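Heads up, the thing below is written out as structure tokens.
The values are calculated or read from the model by the stated rules, or taken from the named source; none is laboratory data. Everything numeric here is computed off the predicted structure, so don't read it as measured data. Using ideal geometry, Cβ is built from the backbone for each residue, glycine included, and neighbour counts are taken over all protein chains shown. Keep in mind that these areas ignore ligands, DNA and RNA; they rest on the heavy atoms of the full protein, side chains included. Shrake-Rupley method; radii C 1.70, N 1.55, O 1.52, S 1.80 Å.
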Amino acid sequence: MANEIWTIKRCLEWTKEYLAERGEEHPRLSAEWLLCAATGLARIDLYMRMDETLNAAQLETMHAAVVRRAKGEPLQYITGSTQFRMIDVACAPGVLIPRPETEMLVEEVLNYLDAEVLSPEAAARQRVELPWNDEVEEARKAEAALADERATAERRAANLTAADEAALGGDVLGSRAYAEELADREAEEAAVQAAEADTAEAVEPELDEYGIAIEGAGQETASAQDAASPAPAEPRIARVLEVGCGTGCISLSLAWERRGHVTCTATDIEPRAIDLATKNRDALGLTADDVAFSLTNLVSSIPHDEWGTFDVLVSNPPYIPTDVMRSLPHEVKDFEPDLALEGGADGLDIFRRLLNAAPYMLRAGGLFACELYEGALDAAAELCRQAGLSDVRIVHDLTDRPRIVRAIVTEPKQRQ
């Protein structure tokens, strides 16, 4: 085989048939993924370069990958990466592989942040009632009335003859003369308003005994005026707490898609997950200020002075019920970590602990959002209501299965 010529086309077709014979559900797609990983090419490039020959190193890599895939190992572990929303995420054995359903969890968090945290404050969009508002409004009405009066006069004057004007006598409304008078009045008032505006903007300098302006005196007056005006509010930076980060895909997506506007603290109990998540963060060019990873059990490492400061607590916790674990597909059950999958008898063991922590971690109005097993969403929503959370909702995934529970913390708690 080493002396044979293996083109991309031949290798693709052979791999597809080999995997299909061994029960692969999507053999051609798997063959494309494996070839892309072995050659470094994009899928479209494979079809543009079908006649190219694989070198010895590529053939060796491809052979090892096909053997692993034939045994049922997930493609993401073999190729070492997957795509999640807008980012590429490195994957490795011992760490849960990101799922498309989790992309929807990120979407729910982003929708909340955009609407409730990152959008301008409602007060900024409302008309501020200042002392001179009434005067400005009266002036605006007077200008509008004058404009209407002038327009009426011009329309009438345009249709009048000299004889008509003479017949009108004292009824000046509608005469050309009055139209011209209105135009002159309007021009004079506009000139006066412009002069007053210039005077208001210009700061009269303070003069010394010789009539020379004192340097800096006007600046003090201007500074005093500036001080009287309210300073613009600082941009809001959202704070997100993720529990059970795995590859880091949730926190990294949030920080990446709202860069400079969202910071995340993410925890996991598995050292391999923290190492991999940190690697993914570095590959994206993000820093620990953007996403801070912590090796800990749930929220144990969160400093007490940060309790109650988070806008969101989000998690994709272990949620597969124990009985369901036995029926999982081979490539999940035998290759992905049980620690990241099994959620107890009803799949809600970790969820209950997160729900208990949420009122301590979140500010008032903060969002609690979890991805869960489809058969546990109703029970999870009821637990949220019993815990005093409000606006409890169940979100369905792309296959219309219940997948996410989200709720709002209205009454935060403080540690005793």
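Sort out which residues of the stretch 1-17 are open to solvent by 60 Å² or more (accessible area, probe 1.4 Å) and touching a strand residue (DSSP E or B) at 6+ places or on another chain (Cβ under 7 Å), and write them in order of number.
Of everything in the stretch 1-17, just one residue is open to solvent by 60 Å² or more (accessible area, probe 1.4 Å) and touching a strand residue (DSSP E or B) at 6+ places or on another chain (Cβ under 7 Å), namely ILE5.
Test each condition in (1) open to solvent by 10 Å² or more (accessible area, probe 1.4 Å); (2) farther than 25 Å from GLU270 by Cα for ALA381 and report the one that comes out false.
(1)
If GLU270 satisfies all but one of (1) open to solvent by 10 Å² or more (accessible area, probe 1.4 Å); (2) under 18 Å from ILE87 (Cα atoms), what's the number of the condition it fails?
(2)
Can you tell me which residue is least open to solvent (accessible area, probe 1.4 Å) among those in the stretch 275-308 that are closer than 28 Å to LYS413 by Cβ and in a helix (DSSP H, G or I)?
By that ranking, first place goes to GLU306.
Consider ALA56 carefully, then state whether it is of a type outside the set (Lys, Arg), touching a Gly at 6+ places or on another chain (Cβ under 8 Å) and open to solvent by 50 Å² or more (accessible area, probe 1.4 Å). So that I can check it myself, show each step before the final result.
On the way: of a type outside the set (Lys, Arg): yes; touching a Gly at 6+ places or on another chain (Cβ under 8 Å): no; open to solvent by 50 Å² or more (accessible area, probe 1.4 Å): yes.
No: the conditions fail for ALA56.
Among the candidates PRO98, PRO93, PRO74, which residue alone is touching an Asp or Glu at 6+ places or on another chain (Cβ under 7 Å) and modelled with pLDDT of 95 or more? Full working, then the answer.
On the way: PRO98 fails: touching an Asp or Glu at 6+ places or on another chain (Cβ under 7 Å); PRO93 fails: touching an Asp or Glu at 6+ places or on another chain (Cβ under 7 Å).
Of PRO98, PRO93, PRO74, the one residue that is touching an Asp or Glu at 6+ places or on another chain (Cβ under 7 Å) and modelled with pLDDT of 95 or more is PRO74.
Go through the residues of the stretch 363-376 one by one and say whether even a single one is crowded, with 18+ Cβ neighbours inside 10 Å, in a loop (DSSP other than H, G, I, E, B) and not charged (D, E, K, R).
Yes, the stretch 363-376 contains a residue that is crowded, with 18+ Cβ neighbours inside 10 Å, in a loop (DSSP other than H, G, I, E, B) and not charged (D, E, K, R).
State yes or no: is ARG69 in contact with an Asp or Glu (Cβ under 9 Å, 6 or more places away or on another chain), buried (at least 16 other Cβ atoms within 10 Å of the Cβ) and closer than 22 Å to ILE8 by Cα?
So ARG69 passes the test.
Does ARG353 satisfy being within 16 Å of PRO317 (Cα to Cα), touching a residue at least 24 places away in the same chain (Cβ under 8 Å) and touching a helix residue (DSSP H, G or I) at 6+ places or on another chain (Cβ under 7 Å)? Step through it out loud before you land on a result.
Details: within 16 Å of PRO317 (Cα to Cα): yes; touching a residue at least 24 places away in the same chain (Cβ under 8 Å): yes; touching a helix residue (DSSP H, G or I) at 6+ places or on another chain (Cβ under 7 Å): no.
Considered against the rule, which asks whether it is within 16 Å of PRO317 (Cα to Cα), touching a residue at least 24 places away in the same chain (Cβ under 8 Å) and touching a helix residue (DSSP H, G or I) at 6+ places or on another chain (Cβ under 7 Å), ARG353 comes out as no.
Any residue at all in the stretch 235-254 that is closer than 21 Å to ILE408 by Cα, at pLDDT below 95 and either open to solvent by 20 Å² or more (accessible area, probe 1.4 Å) or not in a strand (DSSP E or B) (or both)? Spell out how you get there, then give the answer.
Here is the first cut: in the stretch 235-254, the residues closer than 21 Å to ILE408 by Cα are 236-244, 250-251, 254.
Subset that is at pLDDT below 95: 236-237.
The next check asks that each one be either open to solvent by 20 Å² or more (accessible area, probe 1.4 Å) or not in a strand (DSSP E or B) (or both); those that pass are 236-237.
Yes, the stretch 235-254 has at least one match.
Out of all the residues in the stretch 52-66, is one or more aliphatic (A, V, I, L, M), closer than 14 Å to THR15 by Cα and without any contact (Cβ under 8 Å) to a residue 40 or more places away in the chain?
Yes, the stretch 52-66 has at least one match.
With the structure loaded, tell me whether ARG403 is loosely packed, with under 15 Cβ neighbours inside 10 Å, in contact with a strand residue (DSSP E or B) (Cβ under 9 Å, 6 or more places away or on another chain) and among the charged types (D, E, K, R) or whether it fails that test. Spell out how you get there, then give the answer.
On the way: loosely packed, with under 15 Cβ neighbours inside 10 Å: no; in contact with a strand residue (DSSP E or B) (Cβ under 9 Å, 6 or more places away or on another chain): yes; among the charged types (D, E, K, R): yes.
Considered against the rule, which asks whether it is loosely packed, with under 15 Cβ neighbours inside 10 Å, in contact with a strand residue (DSSP E or B) (Cβ under 9 Å, 6 or more places away or on another chain) and among the charged types (D, E, K, R), ARG403 comes out as no.
Just to verify a result, which residue in the stretch 316-346, among those that are farther than 21 Å from GLN76 by Cβ and not in a loop (DSSP other than H, G, I, E, B), is most open to solvent (accessible area, probe 1.4 Å)? Steps first, answer last, please.
Taking the stretch 316-346 and keeping what is farther than 21 Å from GLN76 by Cβ, we get 321-324, 326-327, 343-346.
So of that shortlist, the ones also not in a loop (DSSP other than H, G, I, E, B) come out as 322-324.
Numbers: THR322: 47, ASP323: 108, VAL324: 36 Å².
Step by step, filter the stretch 316-346, then rank; the result is ASP323.
Search the stretch 18-44 for residues being acidic (Asp, Glu) and outside any loop (DSSP other than H, G, I, E, B), and hand back the single one that is most open to solvent (accessible area, probe 1.4 Å). Steps first, please.
Here is the first cut: in the stretch 18-44, the residues acidic (Asp, Glu) are 21, 24-25, 32.
Okay, now just the ones that are also outside any loop (DSSP other than H, G, I, E, B), so 21, 32.
Working: GLU21: 141, GLU32: 10 Å².
Across the stretch 18-44, the extreme among qualifying residues is GLU21.
Checking the conditions here, which among ALA31, ALA90 is within 22 Å of GLU331 (Cβ to Cβ) and touching a strand residue (DSSP E or B) at 6+ places or on another chain (Cβ under 9 Å)? Let's see the steps before the verdict.
On the way: ALA31 fails: touching a strand residue (DSSP E or B) at 6+ places or on another chain (Cβ under 9 Å).
Of the residues listed, the single one that is within 22 Å of GLU331 (Cβ to Cβ) and touching a strand residue (DSSP E or B) at 6+ places or on another chain (Cβ under 9 Å) is ALA90.
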